[in-house]
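Below: one structure, written as structure tokens.
The values are calculated or read from the model by the stated rules, or taken from the named source; none is laboratory data. Just so it is clear, the model here is predicted, and its values are computed rather than measured. Note that we place each Cβ from the backbone using ideal geometry, even for glycine, and neighbour counts take in every protein chain shown. Accessible surface is based on the protein model in full, side chains and every heavy atom, while ligands, DNA and RNA are left aside. Shrake-Rupley method; radii C 1.70, N 1.55, O 1.52, S 1.80 Å.
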Amino acid sequence: MPEMSDAAPSPAAPFLGTPTEEIRHFLTEHPGTKTVEAFIFDLCGLAMGKRYPVEDLAKLYEDGLQMCAAACLLDVTGNSADPLGHGFSDGDPDADAVAIPGTLAPVPWARRPTAQVMLRLVRADEARTPVWFEPRETLRRVTADFQEALGLTPVVAVELEFFLTDLAREEEGGGPIPPTSTVTGRPHRANQVYGMLKLEEFDPILAAIEDACAAQGVPATAASAEYAPGQFELNLRHVADPVLAADHACLLRRIVKSVARKMGYDATFMSKPYPKQSGSGLHIHLSLADGGGINRFDETVDPEETALRQAVAGLQATMGEAMALFAPNVNAYRRFAPDQFVPVTTDWGYDNRSVAFRVPSGRGAARRIEHRVAGADANPYLVMAAVLAGVRHGIENGLTPSSEAATGNAGAEMDEGLPFRLWRALDALEGADILPRYMGGDFLKAYHAVKAAEFEDFMSEPSPREYDWYL
């Protein structure tokens, strides 16, 4: 299987200039470009858009392309639930999808020279009003309100776990098959957390992923082998912009899946693809910088850790309400089980991977909270928005954590008060009191409608096990 490049360049920085200058600079660097893929990330975190001739690139910045606004409210199968009357009821009107400056990048895995650019949805009015139910816009609004209310800037980074798998599926049940080692030629079945041999075996594809990240300005840093066969984790560098951090996470998922296909594999961010193996998570690392750039979680600045403890308390208070955002489908709840280093309580603690809200060992300016609840298939924009909502709630209201920092194993028993089933999580979201104050009640109603309809559709067809057990 061919490598996609010989060496990994440094991550490309966003171009700082006018759209015309950005386009001119890009085409100078990539003169053979033929097409441009223009897309948004929808409610499920999936890229959707159109492909244009490169000659139309300037038009995407100026006028945008026309796309039905409710396209970003489709469920994972592409069906519309007509949430809050957006879709069928309103006649499915268009919005303008306009290029986001600084997101123009090459597509290293494309068969012919191709560019990509991210879009944002705006109404075709004079003010170019953003479409309020686009997930990225929701996070942008939550972030702006957070900074205005608290005078603090969230500094965030995302970690994502995923599985490489064979392109083929199991004949019975269609489940995934572990990937074939590039060294041994045999399916990879060993459990090797942090295993260097595992990284070496799959170095060609990991190197290609790193190269693609660098080409697209996605700041991937450490790669590590996770516990299960074919499972890996990629870390993204922290940035003082939650929207940009979520952009990076969405783009990373697109890169991993696309490069995997290019290299003869498949890849999945499904939370629990193998029933007897560990699942994949989406972890967010967060600290808060004041106007002078001082980390408010720094214990040398605040020995009482007031802001950190208030933030933890807010995350505890909102965890149940936000579970349907952190775990958006039936499979995502299979990840939650005792003794799996997956949060099953609202506990927090220092350098303890059995808790929901971990304070890693970094001290001083590196002091931060690691939010460990979300599955890898959750929408990064919405996970980030829910985390910021919880932190803001805790700090604004001066909350105190519901327990002291946990020591030892906090994951031995599941907290039955938390909604660890999709139907319970949807009920918790529908009855939420705190999240609507920060994320917007209408957006959460729309999300609930989409995911509830998706669940009903999922349950409408008998599974193979139903025939095995009940026929």
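Take the Cα gyration tensor of the chain, multiply each eigenvalue by 5, square-root it, and list the three semi-axes largest first, rounded to whole angstrom.
Working through the eigenvalues yields semi-axes of 31, 28, 25 Å.
If the cut-off is 26 Å between C-alpha atoms, which lysines fall inside it for LYS34, apart from same-chain ones fewer than 8 positions away?
Within the straight-line cut-off, LYS34 pairs with LYS50, LYS59, LYS257, LYS262.
Can you give me the convex hull volume of the Cα atoms of region 197-352, divided per residue and expressed in Å³?
151
Looking at the chain, which longest stretch skips every one of the GluC sites (Glu not before Pro) that is in a DSSP loop with at most 14 other Cβ atoms within 10 Å, leaving the sites themselves out?
The reported range is 173-298.
What value, in deg cm²/dmol to 500, does the helix sum -39500 (n - 2.57) over DSSP H runs of n ≥ 4 give at 222 nm once divided by the residues of the chain?
Taken over the chain, the calculation gives -10000 deg cm²/dmol.
Going by a ≥ b ≥ c, the root eigenvalues of the Cα gyration tensor, does region 249-322 fall in the rounded group (a/c under 1.5), the prolate group (a/b larger than b/c) or the oblate group?
prolate
Tell me the trypsin sites (Lys or Arg not before Pro) within region 277-350 that lie in a loop according to DSSP and have at most 10 other beta-carbon atoms within 10 Å.
none
Classify region 322-388: rounded, prolate or oblate, from the alpha-carbon gyration tensor (a ≥ b ≥ c, eigenvalue square roots; a/c under 1.5 rounded; otherwise prolate if a/b is larger than b/c)?
Since a/c reaches 1.5 but b/c is at least a/b, the shape of region 322-388 is classed as oblate.
Report relative contact order for the chain in percent, whole number only (criteria: Cα-Cα under 8 Å, sequence separation at least 6).
16
Take the alpha carbon atoms of region 411-435, find their center, do the same for region 292-310, and report the distance between the two centers in whole angstrom.
The distance from the Cα centre of region 411-435 to that of region 292-310 comes to 30 Å.
What is the projected area of the convex hull of the Cα atoms of region 28-123, averaged over all directions, in nm²?
Taking the Cα atoms of region 28-123, their convex hull projects to 6.8 nm² on average.
Which of rounded, prolate, oblate describes region 322-463, given a ≥ b ≥ c as roots of the alpha-carbon gyration tensor eigenvalues and a/c under 1.5 marking rounded, otherwise prolate only if a/b is larger than b/c?
oblate
For region 210-271, run through the trypsin sites (Lys or Arg not before Pro) and keep only the ones in DSSP coil with at most 15 other Cβ atoms within 10 Å of their Cβ.
Counting only loop positions with at most 15 other Cβ atoms within 10 Å, the trypsin sites (Lys or Arg not before Pro) in region 210-271 are ARG237.
Show me the helices of the chain, taken as full DSSP H stretches, that run 20 Å or more along their long axis by Cα and average 0.0 or above in Kyte-Doolittle hydropathy.
Once both thresholds are applied, what remains is 242-262, 306-326, 380-396.
Please list 176-183, 280-287, 385-392, 116-123 highest first by mean number of surrounding beta-carbon atoms within 10 Å per residue.
385-392, 280-287, 116-123, 176-183
Rolling a 1.4 Å sphere over the protein heavy atoms, what is the accessible area per residue of the chain, to the nearest Å²?
The answer is 44 Å² per residue.
Compute the separation of the alpha-carbon centres of region 328-349 and region 28-51 and state it in Å as a whole number.
Taking the Cα centre of region 28-51 as reference, the centre of region 328-349 is 34 Å away.
Percent of alpha carbon pairs in region 37-182 separated by more than 27 Å?
Roughly 40 percent, rounded to a whole number.
In whole percent, and with a 1.4 Å probe on the protein chains, what portion of the accessible area of the chain is carbon and sulfur?
Accessible surface attributable to carbon and sulfur in the chain totals 51 percent.
Between region 200-259 and region 103-173, how far is it from one alpha carbon centroid to the other, in angstrom?
Answer, in whole Å: 14.
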